[in-house]
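Everything on this sheet refers to the single structure shown next.
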Amino acid sequence: MPRRGLRLGVALVLLLLGGMGLGVVPEAWAKGAQSAAVDPYIGQPAAIDAGEEIYREKCIICHGRAGGRGPDLFAITLSDAEFLKTVENGRPGTLMPAFGSRLSPDDIWRIRAFLKANPNGI
Ligand code: HEC
């Protein structure tokens, strides 16, 4: 059983590296993932960097380096789908704005990949 897990892990890493090299797979994943509501950018360095830039520009003012006026997004346990929906629609009646007209789903996934890459905040 552990061996099997290891082999699967190696296969996934190879797939990821291959995909990044070709530059095709992440796009394909992104398309499929939007309907499946799964973040296609988890663990992808370029997307994580882009997500950090957006976070610093649009979210850090309230959510801080590990929480602030808004909850600590580095520690939340929302599903990918709930995260996307919350950021697109905001939370009416709270300070949380709707970003649906300002950020694409891909950009929201990039933010999420950045948050997931830094579970203890920045
Ligand atoms: C003006 C302040 C403000 C800004 C800017 C802001 N947020 Fe929020 N956000 C909040 C507040 C306040 C809450 C808590 C809402 C509530 O009480 O449910 C929140 C909640 C959330 C939640 C839900 C957390 C949970 O555990 O339910 C997510 C996800 C989130 N914000 C993501 C983002 C992202 C991503 C950005 C940047 C694109 C962002 N927010 C920008 C204030 C802000």
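Values quoted throughout were computed directly from the atomic coordinates according to the rules given, and no laboratory measurement underlies them. In this text, all values refer to a predicted model and were calculated from it rather than measured experimentally. Note: ideal-geometry Cβ built from the backbone for every residue, glycine included; neighbour counts use all protein chains shown.
Once the Cα-Cα distance is subtracted from the 0.36 nm per residue extended length, the ARG65 to THR77 segment shows a gain of 2.6 nm.
Over the range 37-117, what is the relative contact order in whole percent, taking alpha-carbon pairs under 8 Å and six or more residues apart? Normalised by residue count, the contact order of the range 37-117 is 45 percent.
As a proxy for reagent exposure, ranking VAL87, VAL38 by other Cβ atoms within 10 Å from fewest up yields VAL38, VAL87. Across every direction, the projection of the convex hull enclosing the Cα atoms of the range 37-117 has a mean area of 4.7 nm².
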